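Visitor: Structure below; questions to follow.
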Amino acid sequence: MSPRILVLPGSLRLASVNRLLAAEAARQLALTAASVSLVDLADYPMPIYCGDDEDSDGPPEAALRLAEMIAAQDALLIVTPEYNASIPPLLKNALDWVSRVRKIRGRPVQPFRGLVVALAAASPSRLGGLRALVALRPICLALGTEVLTSQVTLADTGNGFDADGRLREEHARLSLETLVESLVGHARLLGRHQF
């Protein structure tokens, strides 16, 4: 059995460089022995998490579906834009809701506990989304994940990908290939499912 890896872009914009980076990462992961899924947060609409919501009806259906998908994985690659030196509210909201899911179909679950996580970001700034990853790392650790040390940042001014969606710049391509290789290796070693 191959490790199951979910790729999660933290942007809804169709032309987002982060969605392109996530798609390229998923393509590279598919070339390995991993079983890869690429999700779109547009398919998981959730109200803004404010803490009071979970006291009433519990997490929304979309949070339950996303939690179930994450719980079935050995690893997760989060590709996030940078908003004001942090992560976008869309991604934070999804992580907050999923972290509140305690049962799926009557069975206890901790969607993030022990999950191997890799981080990547793209931004037009010179730092390439680094500040978003600095903000995201402690969130992932607080959720109980195993966050890889290596990460990818891409400073993109709009021409970082060719017409086929592949990275043009060799350093960026090699960085992503290295992260993909590390993620697959760690998913095999630390994954939550037997291989």
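Visitor: Please report, in debye to the nearest 20, how large the charge dipole of region 92-173 is about its Cα centre when each Lys and Arg carries +1 at its beta carbon and each Asp and Glu carries -1 there.
Guide: With Lys and Arg at +1 and Asp and Glu at -1, about 660 debye.
Visitor: So, counting K/R as plus one and D/E as minus one, what does the shell of residues with Cβ under 12 Å around Tyr44 add up to?
Guide: Spelling it out: positives minus negatives among the neighbours equals -3.
Visitor: Search the structure for amide H atoms under 5 Å from the amide H of Leu76, placed 1.01 Å from N in the peptide plane, and list their residues when 5 or more places away or on another chain.
Guide: For Leu76, whose amide H was placed from the backbone, the distant partners under 5 Å are Leu6, Val116, Val117, Ala118.
Visitor: Considering only protein heavy atoms and a 1.4 Å probe, what is the carbon-and-sulfur percentage of the accessible area of region 59-195?
Guide: 51 percent
Visitor: Considering only Phe112, Ser150, Gly191, whose Cα is most displaced toward the positive end of the charge dipole of region 65-195, charges sitting on Cβ of Lys, Arg (+1) and Asp, Glu (-1)?
Guide: Farthest towards the positive pole: Phe112.
Visitor: Here are some values of Cα extents along the principal axes in Å: (1) 45, 38, 32; (2) 70, 39, 30; (3) 49, 39, 27. Which one was computed from this structure?
Guide: Recomputing Cα extents along the principal axes in Å here picks out (3).
Visitor: Kindly work out what percent of the DSSP beta bridges joining two residues of the chain are antiparallel, to the nearest 5.
Guide: Counting only bridges with both partners in the chain, antiparallel ones make up about 15 percent.
Visitor: Any chance you could give the angle, 0 to 90 degrees and rounded to 10, that helix 89-99 forms with the longest Cα principal axis of the chain?
Guide: Helix 89-99 and the main axis of the chain meet at about 40 degrees.
Visitor: Kindly rank 77-90, 146-159 from highest to lowest mean number of other beta carbons found within 10 Å of each residue.
Guide: Result, highest mean first: 77-90, 146-159.
Visitor: Using amide H atoms built in the peptide plane, which far-off residues or other-chain residues are under 5 Å from Thr153 H to H?
Guide: Under 5 Å from the amide H of Thr153 lie the amide H atoms of Ala121, each far enough along the sequence or on another chain.
Visitor: So the label point goes 7 Å from the Cα of Leu190 along Cα→C-beta, right? Which residues of region 113-136 then have their backbone N under 17 Å from it?
Guide: Under cut-off, by backbone N: 113-120, 134, 136.
Visitor: How large is ³J(HN,Hα), in whole Hz, for each residue of region 2-8 in order, when computed from phi with the Karplus curve 6.51 cos²θ - 1.76 cosθ + 1.60 and θ = phi - 60°, using x for Gly and Pro?
Guide: Values, residue by residue: 8, x, 9, 10, 9, 10, 10 Hz.
Visitor: Here's a follow-up. Using helices alone, what [θ] at 222 nm do you get for the chain, with -39,500 (n - 2.57) per DSSP H run of 4 or more residues, divided over all residues and rounded to the nearest 500?
Guide: Rounded to the nearest 500, the figure is -12000 deg cm²/dmol.
Visitor: When only DSSP loop residues count, what trypsin sites (Lys or Arg not before Pro) in region 1-94 have their Cβ near at most 14 other Cβ atoms within 10 Å?
Guide: Arg13
Visitor: Here is a follow-up. I'd like to compare 125-131, 95-101: which one has the highest average count of other Cβ atoms within 10 Å, and what's the full order after that?
Guide: The packing order, highest mean first, is 95-101, 125-131.
Visitor: In addition: Given Gly51, Gly160, Met69, which one lies farthest toward the positive end of the charge dipole of the chain, if we put +1 on the Cβ of every Lys and Arg and -1 on the Cβ of every Asp and Glu?
Guide: Met69
Visitor: Per residue, what accessible area does the chain have, given a 1.4 Å probe and all protein chains present, in Å²?
Guide: 50 Å²
Visitor: So how far, in whole Å, is the C-alpha centre of region 138-186 from the one of region 1-78?
Guide: Each part's Cα centre sits 16 Å from the other's.
The values are calculated or read from the model by the stated rules, or taken from the named source; none is laboratory data. Just so we're clear, the structure is a prediction, and the values are computed from it rather than from any experiment. Methodologically, a virtual Cβ is constructed for each residue, glycine included, from the backbone with ideal geometry; neighbour enumeration extends over all protein chains shown. Calculation scope for accessible area: heavy atoms of the full protein, side chains included, ligands and nucleic acids excluded. Shrake-Rupley method; radii C 1.70, N 1.55, O 1.52, S 1.80 Å.
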